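*Asks:* Input: one structure, supplied below.
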Amino acid sequence: MSKKELISIIVPCYNEEEVLPVFYKEINSVSKEMKHVDFEFVFVDDGSKDKTLNILKDFSKKDKRVRYISFSRNFGKEAAMYAGIENVKGDYVAIMDADMQDPPSMLKTMYHYVNEEGYDCAALYTKSHEDYGLIRKTLTNVWYKLIDKISTTHQVPGARDFRLMTRKMVEAIKNMPEYNRYTKGIFGFIGFNTKWIHYTAGKRAAGESKFNINKLIKYALEGIVAFSTSPLLIAAHVGLLFCLVAFITIIVIILKTVIWGDPVAGWPSLACLIVFIGGLQLFFFGIMGMYLSKIYLEVKKRPVYISKETSEDVDEED
Ligand code: UDP
Ligand code: MG
């Protein structure tokens, strides 16, 4: 009998004690329905402060398919996904949130596309997000459209991190160990044949979103800086435009003075102009600084995450 294929499920978890039992129950029942494949579950505890790690230890004691990696502190979802990618063994790999907004039951459909229809990846995207308020929904939509326009790679609006990938695709991601990670952009960058499946993202099973406004802004900027140089180009174009305007203005003023002897009056307008141009310069310096800071962090080659303990450590002790 030929060996069954293995699907690895990566689950980033940050303070998810409330949802983990629900998630595990659901994914376990999906795995029972998909008898023709084996499963491994790689939970990544992203420095949780609640009982997440204890729950994961408990899962892995009871179920040999469960492994976990626990970070020394909170490194963020991007780092957690990368830790999973580096450590999974499966022929197919899925990334899934713990809060049930990425319904485990979708795995069957996703597996069908990669296994039977020859896609390298089956990924989910959503047009409506039941859990987001009006402001987050609107800003998310605008941002996704913007990032797709300015990015060097195609990024599907509303794309989730939830996807099932072949081993080849996982290896390609492993070859991108960059420090400033924006996984949605990395998916676009590596290419591969992706089947996009639409779904409506439901509400969190319990607990609250772990992305506060600061994390969301950081994430949005990360996405732009990591996969687009448009802000730098815009700065250069605006600079050029201002030079042109200044040049024309100088000629007009000289001509007015020489021909009509009309001396220029009005320092308030001059003061406003200085403040305006000074502000614009600082703003563009800020943009350049953002790119510079990313280079700075990249050349330092700091680890993307630091693991404090894994299920393998416990297995060795036994
Ligand atoms: N998450 C994480 N580290 C973080 C923030 C979030 O590992 O710093 C995990 C979280 O536990 C969840 C997934 O990433 O499994 C998505 O987070 P959340 O549901 O809070 O985000 P939202 O759905 O609101 O975008
Ligand atoms: Mg969520």
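The values are calculated or read from the model by the stated rules, or taken from the named source; none is laboratory data. The model shown is predicted, which means the values in this text are computed figures rather than measured ones. Neighbour counts run over all protein chains shown; Cβ positions are idealised from the backbone, glycine included. For accessibility, only protein heavy atoms count, side chains too; no ligands or nucleic acids. Shrake-Rupley method; radii C 1.70, N 1.55, O 1.52, S 1.80 Å.
*Asks:* So, in Å, what gap is there between the alpha-carbon centers of the range 187-203 and the range 262-301?
*Replies:* 38 Å
*Asks:* A follow-up question, please. Charges only on Cβ, +1 for Lys and Arg, -1 for Asp and Glu: so what's the dipole of the chain about the Cα centre, in debye to the nearest 20?
*Replies:* Details: 41 positive and 39 negative charges, 134 e Å.
Taking the Cα centre of the chain as origin, the dipole is about 640 debye.
*Asks:* Follow-up question, since we're still on this one. With all protein chains present, how much of the accessible area of the chain (probe radius 1.4 Å) comes from carbon and sulfur, to the nearest whole percent? Working shown, then result.
*Replies:* Numbers: 11160 of 17640 Å².
Looking at the chain in its full context, I get 63 percent from C and S.
*Asks:* Divide the volume of the convex hull of the Cα atoms of the chain by its number of residues and quote the answer in cubic angstrom per residue. Walk me through the numbers before you get to the answer.
*Replies:* Numbers: hull volume 54.2 nm³, N = 318.
Per-residue hull volume (Cα only) is 170 Å³.
*Asks:* How far apart, in nm, are the 7 Å Cα→Cβ label points at LYS168 and ASN193?
*Replies:* Result for the modelled spin labels: 0.8 nm.
*Asks:* Give me the angle, in degrees from 0 to 90, between the Cα long axis of helix 77-87 and the longest principal axis of the Cα atoms of the chain, rounded to the nearest 10.
*Replies:* That works out to roughly 50 degrees.
*Asks:* So with the 1.4 Å probe, I'd like the accessible area per residue for the range 46-160, rounded to whole Å².
*Replies:* 46 Å²
*Asks:* Once the Cβ-Cβ distance between VAL299 and LYS256 is put in as r, and R0 is 51 Å, what FRET efficiency do you end up with, to the nearest 0.05? Intermediate results must be reported in sequence, preceding the final value.
*Replies:* Numbers: r = 52 Å, r/R0 = 1.02.
Efficiency, from the Cβ-Cβ distance: 0.45.
*Asks:* Can you give the helix-only mean residue ellipticity at 222 nm for the chain, where every DSSP H stretch with n ≥ 4 adds -39500 (n - 2.57) and the sum goes over all residues, rounded to the nearest 500 deg cm²/dmol?
*Replies:* Mean residue ellipticity, 222 nm, calculated: -17000 deg cm²/dmol.
*Asks:* While we're here: How many percent of the alpha carbon pairs in the range 74-143 exceed a separation of 19 Å?
*Replies:* On the way: 1264 of 2415 pairs.
Of all Cα-Cα pairs in the range 74-143, 52 percent lie more than 19 Å apart.
*Asks:* Would you be so kind as to identify which of ALA265, TYR68, ASN141 lies farthest towards the positive end of the dipole of the chain, taking Lys and Arg as +1 and Asp and Glu as -1 on Cβ and the Cα centre as origin?
*Replies:* Ranked along the dipole, the leading option is ALA265.
*Asks:* Can you tell me which of 205-214, 57-66, 291-300 comes out highest on packing, and rank the rest after it, using the mean Cβ neighbours within 10 Å? If you can, show how the numbers build up before the last one.
*Replies:* On the way: 205-214: 13.4, 57-66: 15.9, 291-300: 11.5.
Ranking, from highest mean packing down: 57-66, 205-214, 291-300.
*Asks:* Work out, in µm²/s and without decimals, the Stokes-Einstein translational diffusion coefficient of the range 1-158 at 37 °C, 0.692 mPa s, Rh from Kirkwood over C-alpha pairs. All intermediate terms of the calculation are to be shown ahead of the outcome.
*Replies:* Details: Rh = 17.0 Å.
In µm²/s, the coefficient rounds to 193.
*Asks:* Here is a further query. Under a plain spin-label model, where a point goes 7 Å from the Cα along Cα-to-Cβ, how far apart in nm are TRP143 and LYS308?
*Replies:* It works out to 2.8 nm between the two label points.
*Asks:* Say the dipole of the chain comes from +1 at the beta carbon of Lys and Arg and -1 at that of Asp and Glu; which of GLN155, GLN281, ILE27 then lies farthest toward its positive end?
*Replies:* Checking the options against the dipole of the chain, the answer is GLN281.
*Asks:* Please give the charge dipole size of the range 57-177, origin at the Cα centre, charges +1 on K and R Cβ atoms and -1 on D and E Cβ atoms. Round to the nearest 20 debye. Write out the running numbers ahead of the final one.
*Replies:* Details: 20 positive and 16 negative charges, 69 e Å.
Taking the Cα centre of the range 57-177 as origin, the dipole is about 340 debye.
*Asks:* Rounded to the nearest 0.05, what FRET efficiency do LEU232 and LEU282 give with R0 = 22 Å and r taken as the Cβ-Cβ distance? Could you check? Mind showing how you got there, number by number?
*Replies:* Values: r = 15 Å, r/R0 = 0.70.
After rounding, the FRET efficiency stands at 0.90.
*Asks:* Please compute the length gained on full extension between ARG136 and LYS64, using 0.36 nm multiplied by the number of residues separating them and subtracting their Cα-Cα distance. Please report the intermediate quantities before stating the final value.
*Replies:* Details: separation 72, 0.36 × 72 = 25.92 nm, distance 3.93 nm.
The span from ARG136 to LYS64 would gain 22.0 nm if fully extended.
*Asks:* In terms of modelled amide H atoms, which long-range or inter-chain residues lie less than 5 Å from the amide H of LEU124?
*Replies:* ARG160, PHE162, ILE197
*Asks:* Okay, moving on. Pop a pseudo-label 7 angstrom from the Cα along the beta-carbon direction at both VAL156 and ILE248 and give the gap in nm to one decimal.
*Replies:* 4.5 nm
*Asks:* Same structure, new question: On C-alpha positions alone, give me the angle between the axis of helix 52-62 and the longest principal axis of the chain, in degrees, nearest 10.
*Replies:* 30 degrees
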